[in-house]
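The values are calculated or read from the model by the stated rules, or taken from the named source; none is laboratory data. Quick caveat: nothing in here was measured; it's all calculated off a predicted structure. Here the Cβ positions follow ideal geometry from the backbone for every residue, glycine too, while neighbour counts run over all protein chains shown. With ligands, DNA and RNA removed, areas are computed over all heavy atoms of the protein, side chains included. Shrake-Rupley method; radii C 1.70, N 1.55, O 1.52, S 1.80 Å.
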Amino acid sequence: MKETVEIAKEVLKNNRRSGYTLPTNNKLYPAQWNWDSAFIALGYSYFNIDYAIKELETLITGQWDDGMIPHILFHDNDESYFPNHKTWECGNKIPSSGITQPPIIATIVKKIVDKNKLNQGQMKRMEIIIKKLKKYLDWFFNYRDTNKIGLVSIIHPWESGLDNSPIWDSPLDKVKIEENLKYERRDLNVSKSENRPLKKDYDAYITLLNQFKKDKYNPSKIVNESMFNVIDIGFNSIVIRATKDLIEVGKRFNLNFSDLENKIALSEESLIKFYKEEEQSFFSYDFKNHNLIKVDAISNYFILFADLGNKEINNKIISKLKKYNSQREYFFTTVNPKDKTFEETRYWRGPVWINSNWIIYQGLINKDKNFSELLKNKTLELLENKNFHEYYNFKNGDCLGANNFSWSAALYLDLKFN
Ligand code: DGY
């Protein structure tokens, strides 16, 4: 029987196209996704550093002039995915979507630089990437922090990467669906409908997309006009960590990004206000409709990844996290099974996702070594028993969504060799 490590490498190599890697080899996602690619690059760094750097370079080639890196790059004319390049109708150098995704790439770049002895040529390539990432993070603070509080908004659920998380339910309910909206979903041709977002979710996703397209994706305009605008805890935790990591890795290249330090101070000060003592939890904020969104979702715990200096709050979050899933099961579910919105097998409303576990693991390492080890071992055990799928049932590890899933394979390699 083949070692799981070898299978992981094969999954990545088989999903690789010219200079970038598909999230999976079936027809569900036939393009390059922003945060998938970052995780994938980390996986490659364990056996082919040039593939790792190339993956990042290809993603950055699609950066817009204003600094945004899109959530999808459509490298070929494949039309089996919806919404494809013909629907979005935008892009710079490479046809793309007109929204972004969590900038986990900065954290991944720091990890790759820290862990590998790069030669001069590779260092030079990394330096170019890092300078472009500075522009990317500046874009968030310039265009998405409209109140200048150091916290950024997402204006579409797809930007979160957690497409149909129940965190978006109440803000999405207020989106006025376009009249006579017409579109044809393709995801249901290759994935079971009981595991995928609902029609009402897609109606809102496409209504928002059409609104942004009408505004020609003007970043100042769409952030103000979007019917969906959420200050999300998970997303902002990733932005803060990305900002910290970019400053640090910049120093290795004598790049001075100290202007970002003020942003971090402000972000942390603002973020802490979203901690609610009664529930011992952080909650995302519906900026458009002025509501706190009280769903117990795993992305609220990404706050540990942000590395806030408040030990007391960190400890409370960790003790709550220990009760989130009982330890016999596979964890972490994307939503607490006791939350009324929990759905065992539906996409981001319940199943276990490997990247969520990885993010939480990174957040726990320097705060609770034993718990972080438990999480790592449980995640490795799941992957070794079931191999590399998109998401998993928390009760029995049953495989859900796509198979041969790239980031599950890539993050297996990182967890295994760390
Ligand atoms: C999808 O199509 O499900 C993607 O997650 C959107 O980015």
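Kindly give the semi-axes, whole Å and largest first, of the ellipsoid equivalent to the range 159-273, taking each as the square root of 5 times a Cα gyration tensor eigenvalue.
That gives 34, 17, 15 Å for the three semi-axes.
What is the dipole size for the chain, taken about its Cα centre, with +1 at each Lys and Arg Cβ and -1 at each Asp and Glu Cβ, in debye to the nearest 20?
540 debye
Label points 7 Å out from Cα along the Cβ direction at Asn366 and Phe253: separation in nm?
Those two pseudo-labels are separated by 2.2 nm.
In deg cm²/dmol and to the nearest 500, what is the mean residue ellipticity at 222 nm of the chain if only DSSP H runs of at least 4 residues count, each as -39500 (n - 2.57), divided by the residue total?
That calculation yields -14500 deg cm²/dmol at 222 nm.
Which one of Thr107, Asn119, Gly91 has its Cα pushed farthest toward the positive end of the charge dipole of the range 90-138, where Lys and Arg give +1 and Asp and Glu give -1 at the Cβ?
Of Thr107, Asn119, Gly91, it is Asn119.
State which stretch of the chain is the longest one without any exposed GluC sites (Glu not before Pro), exposure meaning a DSSP loop state and at most 14 other Cβ atoms within 10 Å.
It works out to 280-418.
Sequence gap at least 6, Cα distance under 8 Å: using those rules, report the relative contact order of the range 4-416 to the nearest whole percent.
Once divided by the residue count of the range 4-416, the mean separation gives 19 percent.
Given R₀ = 35 Å, FRET efficiency for Asn418-Asn180 by Cβ-Cβ distance, to 0.05?
It comes to 0.10.
Give Lys9/Lys378; Lys320/Lys340; Lys199/Lys288 a once-over and call out the pairs whose C-alpha atoms are over 26 Å from each other.
Those over the limit do not exist; all pairs fall within it.
Scan the range 188-226 for trypsin sites (Lys or Arg not before Pro) in coil per DSSP, keeping those whose Cβ has at most 15 other Cβ atoms within 10 Å, and list them by number.
The qualifying sites are Lys192, Lys216.
Need the full-extension length gain, Leu198 to Asn116, defined as separation in residues times 0.36 nm minus the C-alpha distance. One decimal, nm.
25.2 nm
Would you compute, for the Cα atoms of the range 202-361, the largest minus smallest coordinate along each principal axis and list the three values in descending order, in whole Å?
Extents along the principal axes: 46, 44, 29 Å.
Rounded if a/c is under 1.5, else prolate if a/b beats b/c, else oblate: with a ≥ b ≥ c from the C-alpha gyration tensor eigenvalues square-rooted, which is the range 4-416?
rounded
I'd like the accessible area for Thr61: 1.4 Å probe, protein heavy atoms, all chains in place, Å² to the nearest 10.
Rounded to the nearest 10, the figure is 60 Å².
In Å², and per residue, what accessible area does the range 1-135 have when probed at 1.4 Å with the other protein chains present?
Solvent-accessible surface per residue comes out at 37 Å².
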